[in-house]
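A short worksheet on the structure shown next.
The values are calculated or read from the model by the stated rules, or taken from the named source; none is laboratory data. None of these values were measured; they are calculated from a predicted model. Here the Cβ positions follow ideal geometry from the backbone for every residue, glycine too, while neighbour counts run over all protein chains shown. Accessible surface areas use protein heavy atoms only, side chains included; no ligands, DNA or RNA. Shrake-Rupley method; radii C 1.70, N 1.55, O 1.52, S 1.80 Å.
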Amino acid sequence: MANVDLAFKEDGPGAGPAVVLVHGFPFDGRMWLPTAKVLGAAGYHVIVPDLRGHGKSPVGEGAATMEAMADDVAGLLDKLAIRRCVLVGFSMGGYAALQVAHRHRERLSALGLVDTRAEADSEEAKAGRRTTAAAIREKGMQHLVDTMLPKVTGPATKAKKPEVVEFLTRMVLENSTDGAVAALAGMGKRPDMRGKLSGMGLPVFVAVGEDDVITPPDAGSRMAHAFAMSSYELIPGAGHVSPLEQPEKFHKVLLEWLGAVSPVRRS
Ligand code: MLT
């Protein structure tokens, strides 16, 4: 499948260690911009792509498979002449990041997996994605705002941070139905990666919101245990979108891990 030329944003000094932040569904790179700012200020060269069919990136042909998304990210690294990076993927971005680790292992120095899982979809989950895709075609992205978004944030965020829910709602509504339908088909086809994790030979960071009901903590901790070199963080007070729901806690643990696996060299 032909690569798609991804839209992207950057933060931080070009000479810093490269960190690529990959968003989830049905969001775009904007979900990572607060994190990009924090990492950029700490001296990292941060690259935030919009995956195919999301944000400002074209959708490409057919299902947006995790393999195709991974190849797009590798193509972006080529374009930016970045030989190796730390790749951090959130949820669907984590599924794609696992494919980068599998298909383009030489491009990674470390891997961050945030509110995501290594398992493939069950038959029931695949059928659910087909139903969702049909409903999106009929009703547009409002369908995801009505059905998915209530499950995305945790109780603490709903009670105390309405601005996070508003931001996510706006982002969903501004994303395209074609992109969402292609991504649903792609996620439904994704392979089970559990048997591949221990052989990846990468330092891995796994973080998951304590109240995440979409990719729950037990899936995250099982995945973390399957890697040979992993660090596991449970983020209290967060649902599925821990980087936006508990940014201070999330950024603290992410920066600590980055400092260990890919430190910024000060001259
Ligand atoms: C995401 O947040 O990227 C999606 O909820 C992942 C999924 O639907 O499996």
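Mind checking the dipole of the chain: about its Cα centre, +1 per Lys or Arg Cβ, -1 per Asp or Glu Cβ, Debye to the nearest 20?
With only Lys, Arg, Asp and Glu charged at Cβ, the dipole is about 440 debye.
How much length is gained on full extension from Met1 to Lys139, taking 0.36 nm per residue of separation minus their Cα-Cα distance?
The Met1-Lys139 span can extend by a further 46.8 nm.
Would you mind giving the average projected area, over all directions, of the Cα convex hull of the chain in nm² with one decimal?
12.6 nm²
For the chain, what is the relative contact order in percent, using Cα pairs closer than 8 Å and at least 6 residues apart in sequence?
Here the relative contact order equals 21 percent.
Tell me, what is the percent relative contact order of region 151-220, built from C-alpha pairs under 8 Å that lie six or more residues apart?
40 percent
When ranked by the protection proxy of mean other Cβ atoms within 10 Å per residue, highest first, what sequence do the peptides 4-16, 235-247, 45-57 form?
For the peptides 4-16, 235-247, 45-57, the packing ranking is 45-57, 235-247, 4-16.
For the ranges 213-224, 89-100, what's the packing order if you count other beta-carbon atoms within 10 Å of each residue, average per peptide, and put the highest first?
89-100, 213-224
Starting at 0 and stepping by 10 Å, how many percent of the alpha carbon pairs of region 57-193 end up in each bin?
11, 36, 36, 16, 1
From the C-alpha gyration tensor of region 137-267, pull out the three semi-axes of the equivalent ellipsoid (sqrt of 5λ each), sorted largest to smallest, in whole Å.
28, 21, 15
Projected area of region 198-249, taken from the Cα convex hull and averaged over every viewing direction, in nm²?
Computing the convex hull of the Cα atoms and averaging its projections yields 3.4 nm².
Restricting to the chain, compute how many DSSP beta bridges are antiparallel as a %, nearest 5.
15 percent
So if we plug the beta-carbon distance of Ser122 and Leu255 into 1/(1 + (r/R0)^6) with R0 = 35 Å, what FRET efficiency do we get, rounded to 0.05?
Computed FRET efficiency for Ser122 and Leu255 comes out at 0.50.
Would you work out which of Pro203, Ala133, Ala224 lies farthest towards the positive end of the dipole of the chain? Charges go on Cβ: Lys and Arg +1, Asp and Glu -1.
Pro203
Taking only complete DSSP H runs, can you tell me which helices of the chain stretch 15 Å or more along their own long axis by Cα positions and average at least 1.6 on the Kyte-Doolittle scale?
none
Enter the accessible area per residue of the chain (Å², integer; probe 1.4 Å; all protein chains in place).
Computed with neighbouring chains in place, this is 41 Å² per residue.
Counting only the backbone N, which residues of region 188-202 are under 13 Å from the spot 7 Å out from the Cα of Arg130 toward its beta-carbon?
Counting backbone N atoms under 13 Å from the label point, the list is 188-189.
Counting only protein heavy atoms and using a 1.4 Å probe, what share of the accessible area of region 159-267 belongs to carbon plus sulfur, as a whole percent?
55 percent
How big is the equivalent ellipsoid of region 1-118 along its three axes, where each semi-axis is √(5λ) from the Cα gyration tensor, reported in whole Å from largest to smallest?
20, 15, 14
Can you compute the helix-only [θ] at 222 nm over the chain? Use -39500 (n - 2.57) per DSSP H run of at least 4 residues, normalise by all residues, nearest 500 deg cm²/dmol.
-13500 deg cm²/dmol
Over the alpha-carbon set of region 136-210, work out the extent along each principal axis and list the three values in angstrom, largest first.
For region 136-210, the Cα extents along the three principal axes come out at 41, 33, 16 Å.
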